[in-house]
Each structure stands twice: as C-alpha cells, then as structure tokens.
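Below is one structure, written out as structure tokens, with a few remarks after it.
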Amino acid sequence: MSLLAHIQGPADVRALPAEQLAPLAQEIRERLVAVTAKNGGHIGPNLGVVELTIALHRVFQTPRDKFVFDVAHQGYVHKLLTGRANEGFDKIRQTGGLSGFLNREESLHDVFGAGHAGTALSAAVGLANARDRLGEAAHVVALIGDAALTCGVTMEALNNAANSTQRLVIVLNDNEWSIDRNVGAVADILNRLIVTQPYNNSQQGLKRVLGKSRWGTKFLNFGRSFKRHVKNWYTRNSSFFEHYGVRYIGPIDGHDLPTLERYLAFCRDAKGPVLLHVRTEKGRGLAAALKNPEKFHGTGAFDPETGDSLASGKPGAPKAWQDVFGSLLVREAKANPKVVGITAAMPAGTGLNQLKQALPAQYHDVGIAEEHAALFAAGLAARDLRPVCAIYSTFLQRAYDMVIHDVCLQNLPVTFCMDRAGLSPSDGPTHHGVFDIAYLRCVPNVTLMQPKDEDELSDMLHTALQSGKPMFIRYPRGAAMGKPIKEKPALLTIGQAEVLQPGSEIQIWALGTMLEDAQVLAATLRAATGVSVGIVNARFAKPIDHALLGQQAATAKLIITMEDGVITGGFGTGVMEALAESGRTVSVLRLGWPDQFIAHATDVKTLRAAYGLSPEQCLEKALQRWRELRGA
C-alpha cells in the first residue's frame, strides 16, 4: 500500500506512526527519482532532505508556521507532503506542471518564493519580525545550505537576526562540506544534554533564583562565559554563530528521523534565534548522484539505473554555448597570462571548468558571491589584469551595483560573459535571463554584444580582452550553431553591425540567435508582400550602429527589431532612440518578450507561442504593421 498516496497534507504526515516514516522516506525517494529521470530537475538536493523535510512537517504546522527554503530547489519533498503529490508533480518543470521552486501562487504552504541562493535567512527574519509585530504565535523556520554562508546577504541577515526577532529557527543543511570538522562524541553528549527538558527547566529555575542578587548575577555571567568556552572547546562551529547572538546546536545526523524530531522540537520551543546544524548526504538513495554530485545537483532527463543522460544530442552535434566559451577562454588565457577567469560556484555551468583544469593559477571560484566576483574582478582590473567574470545573466542582477559603481564608473577592463541569456524554460522566471540588455544599456561605458555563432563569439571575446574597457557578452543556454571557429580571432569594430542580406523597404535588425528567426520572417514577408526585406546582424545592443541605421532609414518604411530579452528598455527601444536622435520617423516594430515575468514550460518554443513570439505570430504582427503603413 502506498503511504504517499494517502498524504493529502502535513496533518497526515504527523498522524503516521514512527515505524512508517522510513518506508515513507523510501517511497518519496523512488518518486523523486522516477519524476526527475523523466523531466530533469534538482534531484541531488532533494534526495538529501527527505528525512529532514518529513521531520519539519511533523514538528511544525504549515501554513500557520512558515518555512523559507533557500533557493527552494530542494523543495520537491515539501511539495509532496503539502498536497501536491498529483499529476502536477509528475509534470514538474514542464508545461502545465508544478514549478521547480517554491511559488506563492502555487500553494499556501509556500510562504516565500525563491530561485537564487542566500535569500532565505533575510526573508525569514522579516517574516519573524512581522509575526512579532502582529502578536502571532506562529514559528518561522529558515532552511539554508552551507553554501548560502558565502552569500553576503546571508551574513547581513545573520548580523541582524538577534536584534530583529524574538524567535527564529535556522536549519543549516550541511550536505557538501562542514563549516569545521566533525566534532565527535563529546559534543553529541553535550548537545543531547541541552535539549532535554529537565536540563532546561533547571537552567531557567537557577537563573531566576540567582538573578535576584548582585552576587548571583555575577555568578550567572561567569557561568555563561564558562559554558560557552567549554562548548567552543568541543564545538568550534558554535562560536561563529553565537557571536551573532544565534544559539548553535549540532551537528546532528540529518537522516535520523527520531533525532531530527527531538532536536527540531527543542528548537521550536527555544527563545531567540537558534541554529540547528544538520549533516545530510546530497543524492542519498541514488548511486549515480552520490558519485557525481555536481552533475546531479541539477540535471536533464537520465537513466535511473545508470545515471546516463538521456539528452538527444547526436554524435557530432554542436557543443553547448558555455563549453564553446570555456575553450575560447582557455585559448585566450594561454596567449595572455593577464587573463583570469572568475566563476561564482558555477564552473561546469559556465564552462570555466576547462580553465580550472588547463590553467588553475588563472582560475578563481569565489562561491555563491556574485557581488564579490564583480568587485574582485574590478580590483584585478585596476592592476591591468584582464579578468573575465562568467556569470549567468539572471545572477548578474545581484552584482548590478558593482557593475555600475566599481567597474563602469572607473572604466575598468572587466569582461562579463553572461550565459543563459534569454530563456531557461524549465526553471522559469527566477532563471530567465531576459533583463540584461535593458539593465545594462542605461549604464555609461558599457559595450554589450551578442554573437550569432561560435566564430563570432571568438571574435567578441578577443575584442573584449583587447579593448581595455568594460565589456559584456551574452549568449543563450543550449547548443550553439555548429559554426567552425577560425584559428586566429579577429578584432571587431566596436558598434559596427553586419548586413547579412541587403534590402530597402523593410529592414530586420536581430541580435544573436534571433537571426534564425529573422531569416524565416524575412522569407515569409517577401513571399507575402513582394517587397525587398533586408537582414542585419546587429552584434551590438550598445552601442548601436547609428551610421548603418541612419542609412537604411533613408529608404526603409519599416524596421523590425528582434531580441531574446524584454522589449521594455531593450535593444528595440535603443533603435527607436537612435532614430529619434537622428530625426528619422521610420516605423519600428519591436519583437521580444513583453513586460511580464515569463512562466516555466517544457521548451522555448512553447513559451514563445504563449507570449506571441512564434514564427506565425511574428509574421502576423509584421504584416499587420505593414498593412497599417500601406493604408496610411
């Protein structure tokens, strides 16, 4: 009999007898593997928190109590235990299925959405402070990972937690490395002691008695100091958190359900902020995930027996964009020892693992700390090095102030390579890289490029490193175009576009991989209207080629811009601004993502159709504008 099938909500989890919890955990793991093997997803993190999530729902009561998951990519188990173990879960990250992260619109049990690391503790401190102001009795639990401690915002929240909240439970899910070494049996004995009710009752009673006199108060102060030093002797981790006013407990086994429940119950009843350090095994229950935790942190469809990828790539298929970039960076770094690569905990995802292997002295991984990555790069550039920051487009948003204040204001030669520019379809709105053109175009000293193929990426990277200026290169997720790369890269003229197909009455200006759609649109427009249609590889979203644009505007009746980004403030808006500055009155049709957060779906094609950007919809918009112009 399936236990999971009878779990309609957390109350059903709390009602289960203890002997059924281990079978439930096993059933959950089997469901996780089956679904992610088909859909892809964050299988490793979720397999590691099965027992922890069960224990959380047995000790606390959502939605009254509030859970905040850092990143929330380990929230699949939470979804299964809160009434979502249905068809929606089977289609997780796919069109019509559940989000791969927590989502406030999806369930009352998801009090706070997330998709980026480091946000949980600040949000939880805010929720706890709001609870105190409202006079509520609910508990707030922040589940953070060890990697979150490299995020500046987590440390900022830790600095304010004790002064901002009366009660807060922080669960540190340590699944990769310990903050310090395992502290052993003595620390476990001490921690067993402090979570027993008689011990804490006696502590409270002793404090009340001794606190009534001056000598008693001095004794209490000495006792606190002595206990802290004794505890720190055995558990060096504790001093780090307790200096912030956060009580430290642990580490404990994150797969031992009775122990988890006992410690979580103690934390629930504690006063002030308390941190429970839990040791878990990432990928537990799937041999392939244990052997290769990086790959199975987030993966595409795979064979659950072997762990082999089920991606449909054929022999000789084009490399992924990030892998092309990685090999190009190695070539540049070998030619110039001033070139240094920087990643924020994404070596494989950005392709910098190739630099790490080939030239480790010219490689840095700063952890999940995008702000530091950008500012660190600025420091390197101030000494005439040539740092290359490889950061996903959506994560560069976190370093926006550093981009403006530290790099561009000082006109320093930092090159930012933005992977995942455009859509990351299964991940959804937290991961789509559609805002970078708009948020960078307004910053002085920025040069922003997007290549049409691998060879042009080679030229752009070489041009950026030779320029001595702040440079930004964006490219999408997925397979590149399969274009051979010439032996020696060329220097591009900054701001110069490329005419791919001459035309006179309609001109299509497209960025990067949108050129494929531009060629389809041009052919169908010519067939439908009989007019001359030109195609321009814009190359640069900033600066735009004013000379070519002005030349074409002298004869064109319609200019169409195509970009894989939001149209609000994007490349098309830049074209309109350039035309206005030159006094041209040519009609401009902007094709790009609307002023909305784009949902998740199985693939980009589905999302383009949903938001009016399929080839047929683009053609209809172009024909409608052309008919309006002809009528006018």
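Quick check: anything in the range 303-321 modelled with pLDDT under 90, surrounded by 15 or more Cβ atoms within 10 Å (Cβ to Cβ), not assigned by TED's automatic domain parsing to the domain that holds LEU461 and not hydroxyl-bearing (Ser, Thr, Tyr)? Within the range 303-321, one or more residues are modelled with pLDDT under 90, surrounded by 15 or more Cβ atoms within 10 Å (Cβ to Cβ), not assigned by TED's automatic domain parsing to the domain that holds LEU461 and not hydroxyl-bearing (Ser, Thr, Tyr). Name the single residue that is surrounded by the most Cβ atoms within 10 Å (Cβ to Cβ) among those in the range 127-153 being at pLDDT 90 or above and small (Gly, Ala, Ser). By that ranking, first place goes to ALA142.
With respect to GLU281, is the statement that it is in a loop (DSSP other than H, G, I, E, B), surrounded by fewer than 19 Cβ atoms within 10 Å (Cβ to Cβ) and assigned by TED's automatic domain parsing to the domain that holds TYR76 true? So GLU281 fits the description; yes. Taken together, the residues in the range 498-512 that are touching a helix residue (DSSP H, G or I) at 6+ places or on another chain (Cβ under 7 Å) and of a type in the set (Gly, Ala, Ser) amount to 1. All of ALA344, ALA333 fail the test of being crowded, with 17+ Cβ neighbours inside 10 Å and closer than 23 Å to ASN173 by Cβ, apart from ALA344. Within the range 154-169, track down each residue that is touching a Phe, Trp or Tyr at 6+ places or on another chain (Cβ under 9 Å) and modelled with pLDDT of 95 or more. Passing the criteria: only VAL169. Restricting attention to the range 26-55, the residues that are touching a helix residue (DSSP H, G or I) at 6+ places or on another chain (Cβ under 8 Å), in contact (Cβ under 8 Å) with a residue 40 or more places away in the chain and either within 16 Å of ARG84 (Cα to Cα) or not in a helix (DSSP H, G or I) (or both) total 11. Which residue out of LEU328, LEU264, LEU290 is assigned to a helix (DSSP H, G or I), under 30 Å from SER426 (Cα atoms), of a type outside the set (Lys, Arg) and touching a residue at least 40 places away in the same chain (Cβ under 8 Å)? Checking each option against the conditions leaves just LEU328.
Residue count for the range 77-108 under the criterion of being in contact with a strand residue (DSSP E or B) (Cβ under 9 Å, 6 or more places away or on another chain), of a type outside the set (Gly, Ala, Ser) and within 20 Å of ALA599 (Cβ to Cβ): the result is 4. On inspection, LEU329 qualifies as over 22 Å from the mean Cα position of the chain (by Cα) and closer than 21 Å to ALA480 by Cα. Determine if the range 61-82 includes at least one residue that is at pLDDT 90 or above, surrounded by fewer than 21 Cβ atoms within 10 Å (Cβ to Cβ), in the same structural domain as ALA34 (by TED's automatic domain parsing) and of a type in the set (Gly, Ala, Ser). No: zero hits. Annotation: of all residues in the range 382-402 being over 20 Å from the mean Cα position of the chain (by Cα) and surrounded by fewer than 22 Cβ atoms within 10 Å (Cβ to Cβ), the one that is nearest to LEU457 (Cα to Cα) is LEU385. Filtering ALA265, ALA301 for residues that are more than 17 Å from LEU52 (Cα to Cα) and either under 24 Å from the mean Cα position of the chain (by Cα) or among the aliphatic types (A, V, I, L, M) (or both) leaves a single hit, ALA301. In the range 357-371, the count of residues that are of a type outside the set (Ser, Thr, Tyr) and under 27 Å from ARG29 (Cα atoms) is zero. Only one of the listed residues (GLU106, GLU87) is under 21 Å from the mean Cα position of the chain (by Cα) and surrounded by fewer than 21 Cβ atoms within 10 Å (Cβ to Cβ). That residue is GLU106. Only residues that are buried (at least 24 other Cβ atoms within 10 Å of the Cβ) and closer than 18 Å to GLY326 by Cα were counted in the range 366-376, giving 1. The set of residues in the range 33-51 being within 14 Å of GLY75 (Cβ to Cβ) and either under 19 Å from the mean Cα position of the chain (by Cα) or surrounded by 24 or more Cβ atoms within 10 Å (Cβ to Cβ) (or both) consists of THR36, GLY41, HIS42, ILE43, GLY44, PRO45, ASN46, LEU47, GLY48, VAL49, VAL50. Scanning the range 72-105 for residues that are of a type in the set (Gly, Ala, Ser) and in a loop (DSSP other than H, G, I, E, B) turns up ALA72, GLY75, GLY83, ALA85, GLY96, GLY97, SER99, GLY100. Scanning the range 333-351 for residues that are assigned to a loop (DSSP other than H, G, I, E, B) and within 16 Å of ALA399 (Cβ to Cβ) turns up ALA344, ALA345, MET346. Of GLY574, GLY592, GLY550, GLY631, all but one fail to be under 22 Å from ILE506 (Cβ atoms), under 27 Å from the mean Cα position of the chain (by Cα) and either not aromatic (Phe, Trp, Tyr) or not assigned by TED's automatic domain parsing to the domain that holds MET460 (or both); the exception is GLY592.
Surrounded by fewer than 18 Cβ atoms within 10 Å (Cβ to Cβ) and closer than 27 Å to GLY428 by Cβ, is that true of LEU16? No, not satisfied. The set of residues in the range 478-527 being of a type in the set (Ser, Thr, Tyr) and over 16 Å from ILE559 (Cβ atoms) consists of THR493, THR513, THR524.
Of the helices (runs of 4 or more DSSP H) lying entirely inside the range 515-630, those containing at least 2 residues that are in contact with a helix residue (DSSP H, G or I) (Cβ under 9 Å, 6 or more places away or on another chain), buried (at least 22 other Cβ atoms within 10 Å of the Cβ) and hydrophobic (A, V, I, L, M, F, W, C) are 571-581.
The values are calculated or read from the model by the stated rules, or taken from the named source; none is laboratory data. Values in this document were obtained by computation on a predicted structure and should not be read as measured data. So basically every Cβ, Gly included, is an ideal-geometry build from the backbone, and we count neighbours across all protein chains shown.
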